Amino acid sequence: MAVDFETEIKNLRTTMGSVRDVTDVPALEARIADLEQQAAAPDLWDDPDSAQGVTSALSRANAELERIQSMDSRIEDLEALVEMGVEEGGAEGAELLAEAEGELAKIAKAVSQLEVRTLLSGEYDEREAVVTIRAGAGGVDAADFAEMLMRMYLRWAERHGYPTKVMDTSYAEEAGLKSATFEVNVPYAYGNLSVEGGTHRLVRISPFDNQGRRQTSFAAVEVIPLIEGTDSIEIPDNELKIDVFRSSGPGGQSVNTTDSAVRMTHIPTGIVVSMQNEKSQIQNRAAALRVMQSRLLLAKRAEEAAERKELAGDVKASWGDQMRSYVLNPYQMVKDLRTEHETGNPSAVFDGDIDAFIEAGIRWRIEQAKSED
């Protein structure tokens with residue numbers, strides 16, 4: 001069936017119009033001009049923390065504007081390519097139109113992703129993310145599943161060129177991970193990955209069962225926004241219990257010979273954070289405190305949200321348990337139980353191809369929020 005380029009391009013322009021409206025391009029350009037003026041100040045680096053904030057904000061704002069401008073340019077180029085194909089006719093025209101069809105698919109995907117980006121307007125959606133994965137029920141299979149999920153998210157970040165930093169890994173005795181914590185250091189990492197939080201379920205023939213039986217195992221994914229210096233979360237020293245221990249790797253092999261690893265416990269809530277991947281105890285302690293502050297900040301916001309729902313007389317369970325199933329036997333399928341999005345290619349998913357699941361999750365979350373208003 002021939003592609004209706006006129007209609008498809010019109011739809012792309014309509015979507016981009018909505019993106020520009022939500023982004024407020026004139027306001028974004030004014031913000032860039034203001035940040036450029038601040039960045040040009042001769043005394044900018046007298047305060048390194050403030051300077052870093054200004055330059056980072058300028059970089060993010062320029063990238064946001066560039067995304068929109070480049071997409072508009074790509075749509076214009078596509079329109080010109082279609083016109084050339086129609087005017088040329090014959091075999092050469094057909095070849096140009098085939099090229100235009102391929103470019104249309106790429107642009108449509110990119111515009112959809114850009115549209116989803118505009119939906120990330122939550123209080124912490126712009127933040128970088130801290131992801132913690134914990135093995136659940138299922139023994140060694142669950143530990144192996146936790147490691148598979150960690151690789152999936154790290155590969156997703158790698159595909160997009162997002163920097164990551166593994167902060168803590170606790171290895172299971174036989175295989176896999178008891179838990180792991182890592183950062184994704186890019187703006188909007190939290191907004192994107194927050195929809196991945198919940199319980200993930202794996203069904204497969206266990207490679208650890210000598211009778212080849214099918215095993216169901218679980219792993220929990222927690223995603224929190226990375227704390228910033230401007231966030232007002234103060235933790236009194238008497239509310240923290242700090243233990244130090246020696247870092248270790250798989251099989252108990254020593255990573256270093258000093259007690260540099262840190263385990264931090266928030267006594268009132270029982271929240272525990274462990275860090276061992278930095279070289280010094282001071283660095284691990286600072287990293288643990290930052291993640292602890294992030295978790296307490298998110299817990300505070302969740303408590304406030306729960307109170308608001310209770311006052312409204314509408315208490316609902318969140319979409320936590322078994323939000324996604326990964327089935328490798330007796331058939332191949334990964335399915336999100338909230339959005340109904342699914343794929344028959346688990347290998348690609350475990351290799352980091354999860355953008356479609358993230359996009360569906362963001363759209364689902366927006367619809368849920370609208371229905372609760």
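The values are calculated or read from the model by the stated rules, or taken from the named source; none is laboratory data. Bear in mind the structure is a predicted one, so any value in this text is a computation, not a measurement. Positions of Cβ are generated from backbone atoms using ideal geometry, with glycine treated the same way; all protein chains shown enter the neighbour counts. Heavy atoms of the whole protein, side chains included, go into the accessibility calculation; ligands, DNA and RNA do not. Shrake-Rupley method; radii C 1.70, N 1.55, O 1.52, S 1.80 Å.
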Test result for E174, touching a residue at least 60 places away in the same chain (Cβ under 8 Å) and in a loop (DSSP other than H, G, I, E, B): no
Residues that are touching a helix residue (DSSP H, G or I) at 6+ places or on another chain (Cβ under 6 Å), at pLDDT 85 or above and either of a type in the set (D, E, K, R) or open to solvent by 50 Å² or more (accessible area, probe 1.4 Å) (or both), drawn from the stretch 21-54: R31, Q38, W45
Failed criterion for V203 (all others in (1) among the β-branched types (V, I, T); (2) under 11 Å from the mean Cα position of the chain (by Cα); (3) over 20 Å from G270 (Cβ atoms); (4) assigned to a strand (DSSP E or B) hold): (2)
Unmet requirement for G90, which otherwise passes all of (1) in contact with a Leu (Cβ under 6 Å, 6 or more places away or on another chain); (2) at positive phi: (1)
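Applying the selection to the stretch 182-200, what residues are in a strand (DSSP E or B) and either basic (K, R) or open to solvent by less than 10 Å² (accessible area, probe 1.4 Å) (or both)? Lay out the reasoning, then the answer.
So the first thing to find is which residues in the stretch 182-200 are in a strand (DSSP E or B), and the list is 182-184, 198-200.
F182, E183, V184, H200, listed by residue number.
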Residue pairs meeting the criteria (Cβ under 6 Å; at least 6 apart or on separate chains; first in a helix (DSSP H, G or I), in the stretch 1-26; second at pLDDT 85 or above and open to solvent by 50 Å² or more (accessible area, probe 1.4 Å)): I9/E79; T15/E115; V19/E115
Residue ID - farthest from S325 (Cα to Cα), chosen from residues in the stretch 339-355 that are at pLDDT 95 or above and of a type in the set (V, I, T): I354
Some residue of the stretch 56-66 being open to solvent by 60 Å² or more (accessible area, probe 1.4 Å), touching a helix residue (DSSP H, G or I) at 6+ places or on another chain (Cβ under 7 Å) and within 30 Å of R363 (Cα to Cα): yes
Per-region count, the stretch 336-355, residues under 20 Å from Q113 (Cα atoms) and open to solvent by less than 50 Å² (accessible area, probe 1.4 Å): 10
